[in-house]
Amino acid sequence: MYVAFFTLGCKVNQYESSVLADRFAADGFDIVPDEEYADIYVINSCTVTAMSDKKCRQALRRFRRQNPEAVICLTGCMPQAAPGEAEALPEADIILGATN
């Protein structure tokens, strides 16, 4: 199975995505660039600016178009800070707060 990561924001988010990718790889998943087809897309979001929220929503829509059957996980600051807004995003299958 193929897993792609899209990370917005700070060094903490970059580190968390790296750790998650290492865990997926250790379990036998293939890590691919986010512009490629994947079975799972993980968006590690940031909500510091309106632009980062916009990029998060755009990524959700793009990944759903790339593979309508994919599992899309939204994690990071956005669902932590605005859980209601995150829950309202129809493209996200799994919604988790910050992973730290």
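The values are calculated or read from the model by the stated rules, or taken from the named source; none is laboratory data. Predicted model, so just to flag it, every value in this text is computed and none were measured. Cβ coordinates were reconstructed from backbone atoms using ideal geometry, including for glycine residues, and neighbour counts include every protein chain displayed. The accessibility values were calculated without ligands, DNA or RNA, using every heavy atom of the protein model including side chains. Shrake-Rupley method; radii C 1.70, N 1.55, O 1.52, S 1.80 Å.
Going by the conditions given, is Val12 open to solvent by 70 Å² or more (accessible area, probe 1.4 Å) and either farther than 15 Å from Gly97 by Cβ or more than 11 Å from the chain's Cα centre (by Cα) (or both)?
Yes.
Being over 17 Å from Phe5 (Cβ atoms) and not aliphatic (A, V, I, L, M) is the filter; apply it to region 73-96 and report the residue that is surrounded by the most Cβ atoms within 10 Å (Cβ to Cβ). Here the answer is Gln80. Could you tell me whether region 78-87 includes any residue that is in contact with a helix residue (DSSP H, G or I) (Cβ under 8 Å, 6 or more places away or on another chain) and of a type in the set (A, V, I, L, M, F, W, C)? Within region 78-87, one or more residues are in contact with a helix residue (DSSP H, G or I) (Cβ under 8 Å, 6 or more places away or on another chain) and of a type in the set (A, V, I, L, M, F, W, C). What number of residues within region 31-56 are among the β-branched types (Val, Ile, Thr) and open to solvent by 50 Å² or more (accessible area, probe 1.4 Å)? Result for region 31-56: 3.
Could you tell me which of the residues Ala59, Ala70 is without any contact (Cβ under 8 Å) to a residue 40 or more places away in the chain, open to solvent by less than 30 Å² (accessible area, probe 1.4 Å) and in contact with a Phe, Trp or Tyr (Cβ under 9 Å, 6 or more places away or on another chain)?
Result of the check over Ala59, Ala70: Ala70.
Scanning region 21-43 for residues that are in contact with a Phe, Trp or Tyr (Cβ under 7 Å, 6 or more places away or on another chain) and either closer than 14 Å to Ile72 by Cα or not hydrophobic (A, V, I, L, M, F, W, C) (or both) turns up Asp30, Asp34, Tyr37, Ala38, Asp39, Tyr41, Val42, Ile43.
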